[in-house]
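Working notes, structure below.
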Amino acid sequence: MLRTVSRAGYALLEIATLGLFALSMRFTLRTHGRQRLVELLTAVGFGLLLEQGDIAIFGSYTYNPLFFLRIGAVPIAIALVWALVITSSMFMSDAIGVPPRIAPFSDAIFTILLDLSVDAIAIRQGLWHWNIPLDQGFFGVPAGNYYGWLFVAFGFSAWTRLVRRSHRRSAPWFQWLVPLPAYLTLLAAFVPFIVVQDSFFGGRGGGFPPLLLTLASFGSVTARQLMRSRGTLPSPWSLSLLPRLAVHLYFLATGVLLGVFERLPVLLGPALAMLILELSLHGTASRLRLHAAPVGEAPKRRTSLRSTLSIPGIVMVLVLSRTLNLCASALFASVTLLVSNPTVGLLAHALPRWGRSSTAIAEPSPDAAVSQQTRF
């Protein structure tokens, strides 16, 4: 029987999240100005909108009732984490020097680095619950969830960067409207995914091939920009990036303390791989900067840059993630076809769920009935 987060643990988690968000607000205003602060605040609204909208329309997931602070059915801490993750991903793309028109793709990849490491752990802590068994999808996490994370970040980033490029004095006011078109972008992106998933991959538990294709496309664009970049990232414990490090470390720590890794050691691999990749991005950016051409000199050939990177860490770990997802999809394919229920509405199959419960969650046997699961 897996242990879950206690009532006091939820209180500490929410207090820590509120404190980290307050520090981020202060840091953002003082170092990046009012426009970036407005972006951070609208990202909170976006997180509330996408969560509340999905829950109200489809009702296919619920958050753990042990969360104290809520707006409707959505814990405030979840919306704050959404804002911190999305805006920190955008900061990374800006610091590295990714062109604004390409940045939404890299923002999406930097965002999903966190979800690839935490989601399968979070559902075993009871933070939220999915409507597929723990032996379907990627260790209980449906493909639509990961697909959703990509387009949550992509949509908000694309519309926010469009507002940035407007160069109008009223740009901060336009930014307050961004959550609506960003959410519509997410819903529109799901249409082809849902059609392919339900037509060819057995509904809710399937859909990994189209996810892997999308992830490979976004990843290749990001890797190419990293290889061309001359930018650099601050230390991972700087306030701009500290929320990301905190998320990684929280789920690694609770995975150990609550017995998740003891019961399912394979989950430790993706969690560590994503953290190592996150940290390696700082070294990659530094190496790129070292090989930038001095003033007055011609840039070095691209082959020289590639040789300094060897096999870029980001490509290696993305391939690892896609391989893990593909293996999980193949392993559970037969179970998916037998257990999945195609009668649920099309959008309800794939929209990202972040639902939760307070009971301890036991790893089911292959014959277990559908159990609920969770997400952060």
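Here are some conditions: (1) buried (at least 21 other Cβ atoms within 10 Å of the Cβ); (2) at pLDDT 95 or above; (3) out of contact with any Pro (no Cβ under 7 Å at 6 or more places or on another chain). THR4 meets all but one. Which one does it not meet?
Going through (1) buried (at least 21 other Cβ atoms within 10 Å of the Cβ); (2) at pLDDT 95 or above; (3) out of contact with any Pro (no Cβ under 7 Å at 6 or more places or on another chain) one by one, THR4 breaks only (2).
Please list, ordered by first then second residue, the pairs with beta carbon atoms under 7 Å, 6 or more apart or interchain, first in the range 170-198 and on the phi < 0 side of the Ramachandran plot and surrounded by 13 or more Cβ atoms within 10 Å (Cβ to Cβ), second among the hydroxyl-bearing types (Ser, Thr, Tyr) and part of a loop (DSSP other than H, G, I, E, B).
These pairs meet every condition: PHE174/SER166.
Please work out which residue is surrounded by the fewest Cβ atoms within 10 Å (Cβ to Cβ), limiting yourself to the range 222-247 and to residues that are free of Cβ contacts under 8 Å to residues at least 40 places away in the same chain and outside any helix (DSSP H, G or I).
TRP237
Does the range 252-268 hold any residues that are part of a helix (DSSP H, G or I), hydrophobic (A, V, I, L, M, F, W, C) and over 16 Å from VAL5 (Cβ atoms), and which are they?
Of the range 252-268, the ones part of a helix (DSSP H, G or I) are 252-257, 260-263, 265-268.
Narrowing the set further to residues that are hydrophobic (A, V, I, L, M, F, W, C) leaves 252-253, 256-257, 260-261, 266-268.
If the condition is that a residue be part of a helix (DSSP H, G or I), hydrophobic (A, V, I, L, M, F, W, C) and over 16 Å from VAL5 (Cβ atoms), then VAL266, LEU267, LEU268 are the ones that fit.
Picking from PRO142, PRO100, PRO104, which residue would you name as being over 23 Å from ALA253 (Cα atoms), crowded, with 24+ Cβ neighbours inside 10 Å and either touching a Lys or Arg at 6+ places or on another chain (Cβ under 6 Å) or among the hydroxyl-bearing types (Ser, Thr, Tyr) (or both)?
Numbers: PRO100 fails: crowded, with 24+ Cβ neighbours inside 10 Å; PRO104 fails: either touching a Lys or Arg at 6+ places or on another chain (Cβ under 6 Å) or among the hydroxyl-bearing types (Ser, Thr, Tyr) (or both).
Result of the check over PRO142, PRO100, PRO104: PRO142.
I'd like the full set of residues that are of a type in the set (Phe, Trp, Tyr) and over 18 Å from TRP149 (Cα atoms), limited to the range 39-72.
PHE67, PHE68
So which residues in the range 48-104 are modelled with pLDDT of 90 or more, out of contact with any Gly (no Cβ under 9 Å at 6 or more places or on another chain) and either farther than 28 Å from ALA22 by Cβ or of a type in the set (Phe, Trp, Tyr) (or both)?
The answer is PHE67, PHE68, PHE91, PRO99, PRO100, ARG101, ILE102.
Of the residues GLY259, GLY207, GLY219, which is on the phi > 0 side of the Ramachandran plot and either surrounded by 21 or more Cβ atoms within 10 Å (Cβ to Cβ) or aromatic (Phe, Trp, Tyr) (or both)?
Among GLY259, GLY207, GLY219, only GLY207 is on the phi > 0 side of the Ramachandran plot and either surrounded by 21 or more Cβ atoms within 10 Å (Cβ to Cβ) or aromatic (Phe, Trp, Tyr) (or both).
Every residue, every condition in (1) within 30 Å of VAL260 (Cα to Cα); (2) crowded, with 17+ Cβ neighbours inside 10 Å, yes or no:
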| residue | (1), (2) |
| --- | --- |
| TYR10 | yes, yes |
| ARG34 | no, no |
| GLU39 | no, yes |
| TYR63 | yes, yes |
| ILE76 | yes, yes |
| SER89 | yes, yes |
| LEU113 | yes, yes |
| ALA122 | yes, yes |
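The values are calculated or read from the model by the stated rules, or taken from the named source; none is laboratory data. Bear in mind that the values here come from a model prediction, so they are computed numbers and not experimental data. Because the Cβ atoms are built from the backbone with ideal geometry, glycine has one as well, and the counts that use them run over all protein chains shown.
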